[in-house]
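Everything on this sheet refers to the single structure shown next.
The values are calculated or read from the model by the stated rules, or taken from the named source; none is laboratory data. Everything numeric here is computed off the predicted structure, so don't read it as measured data. Backbone-built Cβ (ideal geometry, glycine too); neighbour counts: all protein chains shown.
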Amino acid sequence: MIDLMSLQQLAQLQRDFRKRKILINLEQTKYKVIEEAVQLLEWKVTPSEIECHIFWKDTYVTDEEYRRLLPYQRINHFPGSYMLGKKNELCRNLNRMRKMFPDDYDFFPRTWQLPYQSEEVRQKQGTTIFIVKPEANCQGRGIFLTKKLDPFLDKHYVVQEYLSNPFLIDGLKFDLRIYVLLKSIYPLKIFMYQEGLARFSTKKYVKPQKKNLGSVTMHLTNYAINKRSKDFIFNNDTNKDDVGHKRSLSSVLKYLQDQGYDVKQLLNQIKQVIVKTIQSVQGELSHLYRSQQHNNDGIEQCFELFGFDILLDSSLKPWLLEVNHTPSFSTDTPLDKSIKKNLILDTLILLDVKNKPKKKYLDQKRAPIYQRPIKMSLEEKEKNYTKISLLEDKHLNGYIKIYPDENKDYYEQFMPPKPKERESMINQQFEQVKNLEKTLKVQVDMKPTQLKPIKRLSTNQSFSDLDGQSLQQLTGRNIVIPQTRTTSQQRPFSSITAINRPNSAIRKTVFANQHQNLNTSQNQKRLVYPPLAEFPPKPVYKMIPIKTFSFQKIENNQKNE
Ligand code: ADP
């Protein structure tokens, strides 16, 4: 096993961190090993949601929980991290990337989401063996192998091509549990832990055949399944980490090295699998994270410790099976305990949590509003970023930084567009639509015969005789454009496009013969308010043919001209 931290180093770190008086809330985690790691740093566990600097919980963080965080607090999940942690979401995201980058994203077995992709997967029947997984289960629950998918095509499953050529050690199939710390999503910072676990199946592996498809202890490497087998050997000695059915990652790497395999290349491939997988959701995750972020002096408020499950095939190519957002921190064996305790300890150290931001926040809260600081400038943010990066390099312990690293330029192509780039892309598309609109308009203008003939308002028509569409044709407008009034209450005719408003807003039209006292010509119609007898005298409008159509006010007692 890799010696992650010497006792001397640990003592020095403890001295440094003891002064910090950090409080951690462990109310929502069942794993004791986290508290044990906290005790090594002499930090305190608190049930308080306000006092604590760190929340550690076993389930996803909800938007509401994230919003409630105080600016100095951190939590061990990112909002939206189910996009990696749920099998169906991971399938959707990696398939999307594979469509764009087929050669770079070929580390995930071909996967389909049922029932949505039932047609696609139906065609593959007979060519391969499938491993069928319930969307939301874990620890191998409900997983089975099959050749025929017909009975399941309308159910909610994730179906994967079964990798039938795994790399075997002692004739047994195994998979690797790699721990990955996503320390920041924007800017992206990913760390891989150098120690992990290798989980072995308990029955010797034979290529899948009809009669062995049901043998879970042969085809599945889950600890939860295999530990129930009578053949399972627990590792009881941390000094012999290459024994039993759960071993250390480093012991397997050493075995491969001893067999003459290129372990360095394998590790590089694994790093790429991890970075590209996280890149597939970086856009969504950073949007969720940044859209609700506090004015918090550049504190990285979320972090996530993922468990990546990797299977090696017979040519030593690493395949991603799944990503666990809450990897198990149960410690059944001394080896388990030693690896997981070190992992948590190194994670807490790398986070570099300090008490100063909390103090600053509380002081600011007491100060009047005008004395509170404004948001960090871009320059300050960059300075802060460099400072954090330098400290990270000092506090790596068992971690290695895998993003950004020397492959940063290669990874750039998989990055989602940056906010500014996205804005310019949207503007470009907007321009394209505008140009298209213009072209179409020109085409329409060139074919006037295809349009309905424009109606003209004759002098014996009231405005309400025209429906909204005719008015639009008459005025050539389809929107109401507010006009300033012309002199003596005359309005240019275009203002009556407002008649497109609800009927109730249109003045009642009364024919002249219904109002004998107005003595108007028989053919002429006028717009008047409701019957004069019922209301106090109100102005009457009539329409007269002038250059632009207009209303003209006439007094009730005035005669029509
Ligand atoms: P769970 O979350 O229930 O553990 P996994 O996707 O990790 O589900 O699958 C469980 C086990 O099944 C893995 O540990 C591995 O041994 C085996 N397995 C999963 N997918 C494949 C595959 N495509 N090819 C071969 N074996 C697989």
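From Ser314, Ser229, Ser251, which residue is hydroxyl-bearing (Ser, Thr, Tyr), under 30 Å from Lys147 (Cα atoms), more than 13 Å from the ligand (Cβ to nearest atom) and out of contact with any Cys (no Cβ under 8 Å at 6 or more places or on another chain)? Steps first, answer last, please.
On the way: Ser314 fails: more than 13 Å from the ligand (Cβ to nearest atom); Ser251 fails: under 30 Å from Lys147 (Cα atoms).
The conditions single out Ser229.
Show me the strands (runs of 3 or more DSSP E) found entirely inside the range 125-187 where at least 2 residues are under 27 Å from Gly398 (Cβ atoms) and touching a residue at least 60 places away in the same chain (Cβ under 8 Å). Reasoning before the result, please.
Numbers: elements: 130-134, 144-146, 157-161, 172-185.
Strands (runs of 3 or more DSSP E) meeting the threshold: 172-185.
Exactly one of (1) at pLDDT 95 or above; (2) within 16 Å of the ligand (Cβ to nearest atom); (3) surrounded by fewer than 19 Cβ atoms within 10 Å (Cβ to Cβ) is unmet by Val263. Its number?
(2)
So that you can scan it fast, the table gives a plain yes or no per residue for (1) polar (S, T, N, Q); (2) more than 9 Å from the ligand (Cβ to nearest atom):
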| position | (1), (2) |
| --- | --- |
| Leu114 | no, yes |
| Gln117 | yes, yes |
| Phe130 | no, no |
| Ile178 | no, yes |
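Quick check on the range 274-311: of everything there that is part of a strand (DSSP E or B) and more than 16 Å from the ligand (Cβ to nearest atom), which residue is nearest to Glu64 (Cα to Cα)?
Kept after step one, since they are part of a strand (DSSP E or B), are these residues of the range 274-311: 302, 304-311.
Narrowing the set further to residues that are more than 16 Å from the ligand (Cβ to nearest atom) leaves 302, 304-305.
Numbers: Cys302: 14, Glu304: 18, Leu305: 21 Å.
Once the filter is applied, the top-ranked residue is Cys302.
Considering Tyr193, Tyr162, Tyr186, which residue is away from the ligand (no atom under 16 Å from the Cβ) and over 17 Å from Asn324 (Cβ atoms)?
On the way: Tyr193 fails: over 17 Å from Asn324 (Cβ atoms); Tyr162 fails: away from the ligand (no atom under 16 Å from the Cβ).
Going through Tyr193, Tyr162, Tyr186 in turn, the sole match is Tyr186.
For the subset of the range 418-441 comprising residues that are within 21 Å of the chain's Cα centre (by Cα) and of a type in the set (Lys, Arg), which member is modelled with the highest pLDDT?
Step one: list which residues in the range 418-441 are within 21 Å of the chain's Cα centre (by Cα), which gives 418-423, 425-426.
From what's left, of a type in the set (Lys, Arg): 418, 420, 422.
Details: Lys418: 69, Lys420: 65, Arg422: 65.
Residue satisfying both the conditions and the ranking: Lys418.
Given Glu300, Glu304, which one is modelled with pLDDT of 95 or more, under 30 Å from Leu41 (Cβ atoms), touching a Ser or Thr at 6+ places or on another chain (Cβ under 8 Å) and buried (at least 17 other Cβ atoms within 10 Å of the Cβ)? First the steps, then the outcome.
Values: Glu300 fails: modelled with pLDDT of 95 or more.
Matching residue, one of Glu300, Glu304: Glu304.
Among the residues of the range 92-122, how many are part of a strand (DSSP E or B) and out of contact with any Leu (no Cβ under 8 Å at 6 or more places or on another chain)? Break it down into steps so the answer makes sense when it comes.
Going through the range 92-122, the residues part of a strand (DSSP E or B) turn out to be 111-114.
Right, trim to out of contact with any Leu (no Cβ under 8 Å at 6 or more places or on another chain) and you get 112-113.
The number of residues fulfilling the criteria is 2.
Looking only at residues in the range 196-215 that are surrounded by fewer than 20 Cβ atoms within 10 Å (Cβ to Cβ) and either among the hydrophobic types (A, V, I, L, M, F, W, C) or more than 14 Å from the ligand (Cβ to nearest atom) (or both), which one is farthest from Phe130 (Cα to Cα)?
Going through the qualifying residues, I end up with Lys204.
Scan the range 134-159 residue by residue and report those that are more than 10 Å from the ligand (Cβ to nearest atom) and surrounded by fewer than 16 Cβ atoms within 10 Å (Cβ to Cβ).
Correct list: Lys147, Lys148, Asp150, Pro151, Asp154, Lys155, His156.
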